[in-house]
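**Q** The structure follows.
The values are calculated or read from the model by the stated rules, or taken from the named source; none is laboratory data. All values derive from a computational prediction rather than experimental measurement. Cβ atoms come from the backbone with ideal geometry, glycine included; neighbour counts cover every protein chain shown.
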Amino acid sequence: MPVSGLIAIPQLDNSDAALLDELLNKWAQKRHRNLLRSTYYDGKNALRDLGISIPPQLKSMEAVLGWPAKAVGVLASRCNFDGFVVPGQDQDPFDLAGMFVDNDMDVELPQALTSSLIHATSFLTITPGDTSAGEPEVLLLSRSAQFGTGLWDRRRRSMRAALSIVDMDETGYPTELVMYQRDKVSTFTRTSPGKWSVDVQVNRTGRVWVEPLVYRPELDRPFGHSRISRAVMSLTDSAIRTIVRSEVAAEFFNTPQRYLLGAEEGAFSSDAERWKAIMGRFLAISRDEDGEVPQVGQFAQQSMQPHMEQLRGWASLFAGETGVPVSSLGIVQDNPSSAEAIYAAKEDLVIEANAANRGWGASLRRAATTGVMLRDGLTEAPEELRLVQPKWRNPATPSVVSASDALVKQVSAIPWLAESDVALESLGYDQPTITRLRADKRRAEGRATAAALVAAARAPQVPAGPPEVTSDAVES
């Protein structure tokens with residue numbers, strides 16, 4: 001629903017008022033679809049009945065299918081940020097690791113990436129922190145697309161402006177907003193109906209203090225696509241209908257299906273009477289006008305197999321759409337999969353994770369640049385920041401045995417690789433563990449050197465013997 005003109009702030013000039021109006025309309029335009037995808041992710045989507053095979057008594061049955069959440073979760077679990085690296089340097093010259101640790105980004109960032117997969121994008125705000133209140137120097141906060149939006153500058157390939165919905169009333173009307181621009185940050189707070197207070201903070205970095213974490217961006221859609229696509233929602237609806245139909249069939253499976261020959265036409269005139277006769281344990285019917293008793297028969301009980309086969313078909317289509325292995329959707333294969341089949345099943349997911357990491361990594365690098373500028377009071381980014389690169393763990397998550405075998409083969413071809421931290425990273429060690437291993441190695445080498453020196457000092461000194469007499473000396 002457009003909200004143009006609903007929020008009027010007299011303190012703003014025409015350009016800022018128009019920008020705020022544009023941001024609010026974009027947020028309202030996307031809000032319904034964002035809420036819908038959150039509903040599917042939470043498994044709260046209602047049954048879309050076709051009105052054919054489900055009896056009225058069972059239409060209110062609650063059926064939940066977690067496939068949309070599985071599509072998001074299996075990809076998010078393979079995208080693990082492991083910090084920043086600077087090629088050619090062992091240390092972190094800008095203390096980016098400290099900045100991320102101060103903001104608990106090891107917990108906050110995975111939530112932001114999950115939200116990005118659900119709504120196509122999430123937002124990371126970078127603002128100066130209030131150190132007197134216990135905040136870090138640079139405050140990093142993630143925000144869902146349900147409570148934020150932005151405008152993309154295609155020429156600069158960055159945000160032109162952004163909006164955060166900080167608070168709303170019980171009717172969903174925004175009561176506190178933050179608008180980010182390249183030269184200032186404005187906070188709007190509603191003090192009473194129709195009245196707003198405005199607080200403006202100067203931005204000297206020339207950058208919008210918001211970075212979007214976008215999943216699968218395109219030229220025509222710079223804010224990307226949701227992992228819960230229309231196809232995912234449609235397949236989920238079809239699978240839920242199959243589950244409900246199987247529940248209905250299971251009820252009838254326990255109730256013998258009977259038929260009557262020679263019954264009066266009005267014996268079951270209403271839907272309620274028909275369902276009562278089908279579901280009832282006893283069947284009572286009067287004789288006809290000639291005193292004849294209708295013939296009663298019973299059909300063979302139906303099988304549940306067609307419903308299971310249809311659910312397997314929906315699962316196969318869902319797996320093809322999302323790259324999630326069919327086995328992860330609860331479909332058990334008759335024959336166990338080989339190691340090659342298991343690797344092939346997750347290959348599409350690994351490729352998708354690598355592509356997602358590239359897009360998110362670029363946004364994290366820009367966010368780190370903005371954070372350094374705010375912390376150090378800079379108006380231009382240092383040239384060395386261009387060399388900073390994000391590092392992600394291997395999304396293939398190989399086993400220890402397979403990773404070790406691969407490393408042995410690589411070291412045999414490239415011997416000096418054994419002395420690199422990259423070799424330890426390929427085995428799955430994170431940076432804190434690598435630092436501890438290196439420290440333990442140095443301590444062990446130091447103890448070995450000290451022990452060698454002590455042993456050499458305690459060794460008995462052998463006196464030198466008389467000079468050797470050569471044959472020439474004897475003749476002389």
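**Q** Can you tell me which of PRO398, PRO390 is outside any helix (DSSP H, G or I), surrounded by 14 or more Cβ atoms within 10 Å (Cβ to Cβ), at pLDDT 80 or above and not small (Gly, Ala, Ser)?
**A** Step by step, each of PRO398, PRO390 is checked, and only PRO390 is outside any helix (DSSP H, G or I), surrounded by 14 or more Cβ atoms within 10 Å (Cβ to Cβ), at pLDDT 80 or above and not small (Gly, Ala, Ser).
**Q** Now for a different question. Give all pairs with beta carbons closer than 9 Å in which a residue from the stretch 126-149 that is in a helix (DSSP H, G or I) meets a residue that is surrounded by fewer than 17 Cβ atoms within 10 Å (Cβ to Cβ) and among the acidic types (Asp, Glu); count only pairs at least 6 apart in sequence or on separate chains.
**A** As it stands, the answer is THR131/GLU137, since those pairs meet every condition given.
**Q** Every residue in the stretch 200-217 that is assigned to a loop (DSSP other than H, G, I, E, B), under 16 Å from ARG154 (Cα atoms) and touching a Lys or Arg at 6+ places or on another chain (Cβ under 7 Å), please.
**A** Those that are assigned to a loop (DSSP other than H, G, I, E, B), under 16 Å from ARG154 (Cα atoms) and touching a Lys or Arg at 6+ places or on another chain (Cβ under 7 Å): ARG207, VAL208.
**Q** Which residue out of ARG155, ARG204, ARG216 is of a type in the set (Lys, Arg), free of Cβ contacts under 8 Å to residues at least 60 places away in the same chain and in the same structural domain as THR125 (by TED's automatic domain parsing)?
**A** ARG155
**Q** Can you confirm whether ALA456 is at pLDDT 75 or above, hydrophobic (A, V, I, L, M, F, W, C) and loosely packed, with under 10 Cβ neighbours inside 10 Å?
**A** Answer is yes for this residue.
**Q** Also, I was wondering about something else. Could you grab me the full set of residues in the stretch 195-217 that are surrounded by fewer than 17 Cβ atoms within 10 Å (Cβ to Cβ), closer than 17 Å to LEU20 by Cα and of a type outside the set (Gly, Ala, Ser)?
**A** If the condition is that a residue be surrounded by fewer than 17 Cβ atoms within 10 Å (Cβ to Cβ), closer than 17 Å to LEU20 by Cα and of a type outside the set (Gly, Ala, Ser), then LYS195, VAL198, ASP199, VAL200, GLN201 are the ones that fit.
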